Amino acid sequence: QEKIVTIETERELYLNKMPERHWQVQDLQYIPPQSAGADSAAGFTLDQCFMLAVRSSAQRILFAEIRGPEGPVAFKAMEAGRGSMSTIHARSADHTIRRLAIVLMSEEGLTDDTVPMNRIGDSLDLILYISELENPDGTRRRVVTEVAEVRPNDQGLPMASKLFKYDPNIKDWTNPEDPSPQLDGPLRRAGYDWEKEIRG
């Protein structure tokens with residue numbers, strides 16, 4: 001019953017065209033001014049997309065890939081208390097945190113990562129990392145190879161704590177770490193008992 005809003009530069013998700021997946025989807029497209037034609041005042045900014053999503057009572061906001069200007073607005077959605085999801089290119093779940101910090105620093109003109117790291121630690125809950133693995137016949141497949149909880153390390157900086165990690169040698173997932181109490185509670189309320197599911 002939750003309303004989903006998607007915000008993309010190039011439309012790729014098309015969730016609004018799949019009512020069997022979810023019946024209440026509003027798709028918004030970010031159009032940079034330089035892509036809107038000769039009129040430099042034209043376009044539809046990310047901030048305008050975000051404000052429209054908030055005004056339309058979106059419970060979930062899905063951003064397309066974070067490459068630059070999408071970063072600060074995606075974090076606005078997280079900080080507004082609305083469920084949010086996006087993608088970013090990185091080498092691992094750990095590297096995802098560093099990539100997000102670099103994007104925020106670049107877009108907000110910062111020379112220090114203290115504020116971006118604090119925002120990441122306060123706003124980001126989970127990272128799902130997808131890798132391309134090679135099959136014996138040379139074809140490739142996408143596999144979720146890491147599911148990590150974002151939580152503070154000994155210095156208070158956000159780190160990716162691996163809840164699930166795919167081991168290609170045994171072709172199965174291992175469970176290096178347990179969720180924190182802050183995550184375990186919401187998991188239980190959603191019907192997922194970590195001890196029962198993982199520890200048996």
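Neighbours of M18, meaning other residues whose beta-carbon lies under 14 angstrom from its beta-carbon, give a summed charge of 0 when Lys and Arg score +1 and Asp and Glu score -1.
Computed over Cα pairs, the Kirkwood radius of segment 36-112 leads via Stokes-Einstein (1.002 mPa s, 20 °C) to a diffusion coefficient of 157 µm² per second.
Of the peptides 151-162, 43-54, 107-118, the order by per-residue mean of other Cβ atoms within 10 Å, starting with the highest, comes out as 43-54, 151-162, 107-118.
Modelled spin labels at V115 and E65, positioned 7 Å past Cα toward Cβ, are 2.7 nm from each other.
Taking every Cα-Cα distance in segment 120-200 and sorting them into 5 Å bins from zero, the calculated P(r) comes out as 3, 13, 20, 22, 17, 12, 7, 4, 1, 0 percent.
Highest average first, the peptides 136-143, 166-173 ordered by how many other beta carbon atoms sit within 10 Å of their residues are 166-173, 136-143.
Test of understanding: extend the Cα→C-beta vector of I102 to 7 Å, then name every residue of segment 55-69 with backbone N under 13 Å from that spot. Residues 67-68 fall inside that zone. For segment 162-200, list residues with backbone N below 19 Å from a point placed 7 Å from the Cα of Q155 toward its Cβ? Those under the cut-off are 162. Eigenvalues of the alpha-carbon gyration tensor of segment 161-200, scaled by 5 and square-rooted, set the equivalent ellipsoid semi-axes at 22, 11, 7 angstrom, largest first.
Taking the accessible area of the chain, probe 1.4 Å, and keeping the other protein chains in place, the carbon and sulfur fraction comes to 50%. Over segment 73-115, the hull volume per residue, using the convex hull of the C-alpha atoms, is 87 Å³. Note that segment 1-120 presents 56 Å² accessible area per residue, ligands and nucleic acids not counted, probe 1.4 Å. Could you tell me which of the pairs K76/K196; K17/K76; K17/K162 are separated by over 32 angstrom between their Cα atoms in the structure shown? With Cα atoms farther than 32 Å apart: K76/K196; K17/K162. Computing FRET efficiency as 1/(1 + (r/R0)^6) for I130 and Y192, where r is the C-beta to C-beta distance and R0 is 22 Å, gives about 0.60.
When the gyration tensor of the chain is built from Cα positions, what are the square roots of 5 times its three eigenvalues, in whole Å, from largest to smallest?
Working: eigenvalues 184, 88, 76 Å².
Whole-Å semi-axes of the equivalent ellipsoid: 30, 21, 19.
Positive end of the dipole of the chain (Cβ unit charges, origin at the Cα centre): among F44, Q1, P33, the Cα lying farthest that way belongs to Q1. When DSSP beta bridges are restricted to pairs lying wholly in the chain, around 60% turn out antiparallel. Peptides 18-28, 121-131 ordered by packing proxy, namely the average of other Cβ atoms within 10 Å per residue, highest first: 121-131, 18-28.
Take T174 and S56, extend 7 Å from each Cα along the Cα→Cβ direction, and tell me the distance between the two endpoints in nm. It works out to 4.5 nm between the two label points. Within the full protein context, the accessible area of I102 is estimated at about 80 Å² for a probe radius of 1.4 Å.
The values are calculated or read from the model by the stated rules, or taken from the named source; none is laboratory data. Computed from a predicted structure; not experimentally measured. As a convention, Cβ positions derive from the backbone with ideal geometry for all residues, glycine included, and neighbour counts pool all protein chains shown. Note: areas computed on protein heavy atoms with side chains; ligands, DNA, RNA excluded. Shrake-Rupley method; radii C 1.70, N 1.55, O 1.52, S 1.80 Å.
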